[in-house]
Amino acid sequence: MSGGISKPTFTLFFFLFLFASVQSARSPFACDPKDGATKKLPFCQINLPIGDRVKDLIGRLTLQEKVKLLGNNAAAVPRLGIEGYEWWSEALHGVSNVGPGTKFGGEFPGATSFPQVITTAASFNASLWEEIGRVVSDEARAMYNGEMGGLTYWSPNVNILRDPRWGRGQETPGEDPVVAAVYAERYVRGLQGNEEGDRLKVAACCKHYTAYDLDNWSGVDRFHFNAKVSKQDIEDTFDVPFRSCVKEGKVASIMCSYNQVNGIPTCADPELLRKTIRGGWGLNGYIVSDCDSVGVFYESQHYTRTPEEAAADAIKAGLDLDCGPFLAQHTENAVHTGILKEAAIDANLANTVAVQMRLGMFDGEPSAQPYGHLGPRDVCSPSHQELALEAARQGIVLLKNHGPALPLSPRRHHTIAVIGPNSDVTVTMIGNYAGVACGYTSPLQGITKYAKTIHEKGCGDVACTDDKLFAGAVNAAHQADATVLVMGLDQSIEAEFRDRTGLLLPGFQQELISEVSKASKGPVVLVLMSGGPVDVTFANDDPRIGGIVWAGYPGQAGGAAIADVLFGAHNPDGKLPMTWYPQEYLNNLPMTTMEMRSNLAKGYPGRTYRFYKGPLVYPFGHGLSYTKFVTTIFEAPKTLAIPIDGRHTFNTTSISNKAIRVTHAKCSKLSIQVHIDVKNVGSKDGSHTLLVFSKPPVGLWAPHKQLVAFQKVHVPARSQQHVAINIHVCKYLSVVDKAGIRRIPIGEHSLHIGDAKHSLSLQASVLGVIKS
């Protein structure tokens, strides 16, 4: 060696330099210890309570400075040493550059892109949801340290997938309120961290509150839509995940939506914002508008006469932050004209500033704080990318396996024809509200790792407007030992501001699938990419199509996960988080009709598995495995007394039984435990999702059935696992009456898990006396 640095020494120096560069990259947002003029001010003293610090800071601001902090692009306050801040960042399923608060480049060329939420929801694995949140927040903090991102992320989307045509259904955890509520809680916990006290790792935001599930359908768009929703549906469907976000997840923010609910814009409704979110549920954080929502309800909905009235209405209702410039432009004049008091602005600013302080943004040097060590090496790390692959595997759903056609075998199927417009896609796999992925494995690339492939698209894109490429696809299927068709949708078909008009595959896709299936000399497998459900009844009924797999939008590693499922390296264990309806379901069914419950006398079929009992393509919770599980209920109570205060009496209701108001029952520790044995009688190890449904006493209030618990359990081949599931009675065995009051029906509740059923009798107990 002559005059150089040894390789180990160079590596050490390189990492020390990289570490030092990360430490020094982020300058303090406020309270710079080098700034003698501000570092001793009370709002910079980390030993003081946050409330005192917030009060001190707001007391130093002028009205002009305050109103410039009401928008997402909050202005700097140089005289107090406070930098400007961009509040809008997104992290729906990975750090995204959709919002202006985050950008990629330099040492941060991309971030781990997990499967779209609807796919991850199909795993029914709550611990996975939280772990994804933890990884995303690690990468978010690393990018903040590198001055490439913020700390306030307007995710997750926890709206209910009410209508299968909704273009943004892909962003949600599906149609079930319980699943959406648990997803909301666990993903938020992962993002925000389990910090001491009120500290936050990043600040999450649950959106879009409330009854928002229409973007642009048949001439009606979200900017003009008035959702007419009953108190019953608000309480037992639309509000459920948002309540969980606040009460269980302790989320730092809620976003109000564009639409009106019963004639009032959500962002101007004090009943929704101030009374429910902050007063009823106890939000410790801020409420933000969807982008330009305040301007929308003034300019498009004509809800107020002047812009100043719109600004005043929003702030009085409880809106703390405007995504957009409207409040910054019109709030000062609202104060000067006397329709808004400056104290109202102070109260709302206190909520946003407190969140910034909980994030450590007023604590001086970022590198000295928790997570100050995170940097480029913590983004797209091998462990993070492996988690993205595992999440994709767990979210893939096996819909059909006739024969069985799957899994394929590299020993028998030496050559695979890989056909379809989604067969070699990359960006399609990450859906919407995505960032720049670390890298991609397309379905073709994944399958090629297992076998020799012949690739033909068959259609130029998912629109599949003609059959010009059919011949090559048919010829490939005729040559190969097996055929995999990767079909479905993409963002050109379903997306934000793009609702579907039907549920069939676009263009000539169905014809391509049928022609290729006729020509294939080996098994045919149909793989579907989509966010919403697709009517593939023709394929389910076609004996030549042996297997059907739904992959959703499976993220950056989606192609590898698909191949692992097709070739049996992973035993599929996903379940559908939404009902797959036939096309006929949409006959005379406007997206604008919000009622959940069916009214067959008027020809209204109802929404979701809880209220619809008509024909299906695949039901909610459907999903097959390469092994067979047998589930038995080993032990569960047959009766349970509901203790109520003797001052309260029963209400006779239209459900032909008596029901107790939840607020009249002693609910805190009122739960039952169901002991379940899960036996894997097959030859392959696998995971099984236990879906516990309850069928309440029959009546107008109650759903046909409702999910009350779910749990994933891994069971090796020819073995058995014992699982205990707790069910909170007031929370999960209750129903909601027409007045929006949650009640516990007295009488027989039927619990069922797969084919196993158990009857539970709920009885009322007043001062220890059972009332039948």
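The values are calculated or read from the model by the stated rules, or taken from the named source; none is laboratory data. Nothing here was measured: the structure is a model prediction, and the numbers come from that model. Ideal geometry is used to build each Cβ from the backbone, glycine not excepted, and the neighbour counts take in all protein chains shown. These area figures cover heavy atoms from the full protein model, side chains too; ligands, DNA and RNA do not enter into them. Shrake-Rupley method; radii C 1.70, N 1.55, O 1.52, S 1.80 Å.
Here are some notes:
- Listed by chain and number, the lysines placed with their C-alpha closer than 27 angstrom to that of residue 521 are 400, 449, 452, 457, 468; residues fewer than eight positions away on the same chain are left out.
- The stretch 627-764, dipole about Cα centre (Lys/Arg Cβ +1, Asp/Glu Cβ -1), debye to the nearest 20: 220 debye
- For the stretch 295-438, with +1 on Lys and Arg beta carbons and -1 on Asp and Glu, the positive-most of 295, 340, 394 along the dipole: 394
- Reciprocal of mean inverse Cα separation for the stretch 277-338 (Kirkwood radius, Å): 12.0 Å
- Cα centroid separation - the stretch 348-368 against the stretch 660-731, whole Å: 41 Å
- Cysteines not pairable in the chain (beta carbon separation under 4.7 Å absent): 205
- Qualifying chymotrypsin sites (Phe, Trp or Tyr not before Pro) in the stretch 413-517, where qualification requires a DSSP coil assignment and no more than 16 other C-beta atoms within 10 Å, comprise 497.
- Gain in span if fully extended, residue 641 to residue 37, counting 0.36 nm per residue against the direct Cα distance: 210.9 nm
- Converting phi to 3J(HN,Hα) with the Karplus coefficients 6.51, -1.76 and 1.60 and the offset θ = phi - 60°, the stretch 621-626 yields x, 6, x, 9, 9, 8 Hz in sequence order, with x at every glycine or proline.
- Sorting the segments 355-363, 334-342 by their residues' average number of neighbouring beta-carbon atoms within 10 angstrom, most packed first, yields 355-363, 334-342.
- Computed from the alpha carbon positions, the gyration tensor of the stretch 254-382 leads to an equivalent ellipsoid with semi-axes of 32, 17, 15 Å, biggest first.
- Spread of Cα-to-Cα distances over 10 Å intervals beginning at zero, given as percent, for the chain: 3, 13, 22, 24, 20, 12, 5, 1, 0, 0
- Range of Cα positions in the stretch 104-226 per principal axis (Å), largest first: 45, 31, 27
- The stretch 547-571 versus the stretch 190-228: alpha-carbon centroid distance in Å: 29 Å
- Set of lysines with alpha-carbon distance to residue 66 below 18 Å, sequence-local pairs under 8 removed: 55, 316, 341
- Relative to one another, the C-alpha centroids of the stretch 408-454 and the stretch 467-482 are positioned 17 Å apart.
- The 3J(HN,Hα) values that the Karplus relation (6.51, -1.76, 1.60; θ = phi - 60°) gives for the stretch 489-498 are, in residue order, 10, 7, 6, 6, 10, 9, 5, 4, 6, 9 Hz. Gly and Pro appear as x.
- For the stretch 387-600, a simple Cβ point-charge model (Lys and Arg +1, Asp and Glu -1, everything else neutral) yields a dipole of about 680 debye relative to the Cα centre.
- The apolar share of the surface of the chain, taken as the fraction of accessible area on carbon and sulfur atoms (1.4 Å probe, ligands and nucleic acids excluded), comes to 52 percent.
- Cα lying deepest toward the dipole's positive end in the chain, options 478, 550, 443, charges on Cβ: 550
- Per-peptide average of other Cβ atoms within 10 Å, ordering 39-46, 131-138, 552-559 highest first: 552-559, 131-138, 39-46
- For the stretch 627-764: lysine pairs under 19 Å (alpha-carbon distance), excluding those fewer than 8 apart on one chain: 28
- Per residue, the accessible area of the chain comes to 37 Å², computed with a 1.4 Å probe over protein heavy atoms only.
- Value of D in µm² per second that Stokes-Einstein yields for the stretch 387-600, Kirkwood Rh from Cα pairs, at 4 °C (1.567 mPa s): 74 µm²/s
- When both bridge partners sit in the chain, DSSP labels roughly 60% of those beta bridges antiparallel.
- For the stretch 385-435, the Kirkwood radius over C-alpha pairs fed into Stokes-Einstein at 25 °C and 0.890 mPa s yields D = 175 µm² per second.
- Taking amide H positions as modeled 1.01 Å from N, with prolines and chain starts lacking one, the residues under 5 Å from residue 743 and 5 or more places away or on another chain are 662, 735, 736, 737.
- Normalised by 2.2 N^0.38 Å, where N is the number of residues, the alpha-carbon radius of gyration of the stretch 627-764 equals 1.18.
- For the chain, a crude dipole built from +1 on the beta carbon of Lys and Arg and -1 on the beta carbon of Asp and Glu, taken about the Cα centre, is about 2260 debye to the nearest 20.
- Packing rank of 271-280, 662-671, where each peptide gets the mean count of other beta carbons within 10 Å, highest leading: 271-280, 662-671
- Surface/4 estimate of mean projected area, convex hull on alpha-carbon atoms of the stretch 118-181, nm²: 4.9 nm²
- For residue 705, the accessible surface of its heavy atoms amounts to roughly 60 Å² (probe 1.4 Å, protein chains only, rounded to the nearest 10).
- Dipole axis of the chain (+1 Lys, Arg; -1 Asp, Glu on Cβ), positive-most option in 627, 312, 325: 627
- Here the alpha carbons of the stretch 658-706 define both size measures, Rg and Dmax, at 16.9, 51 Å.
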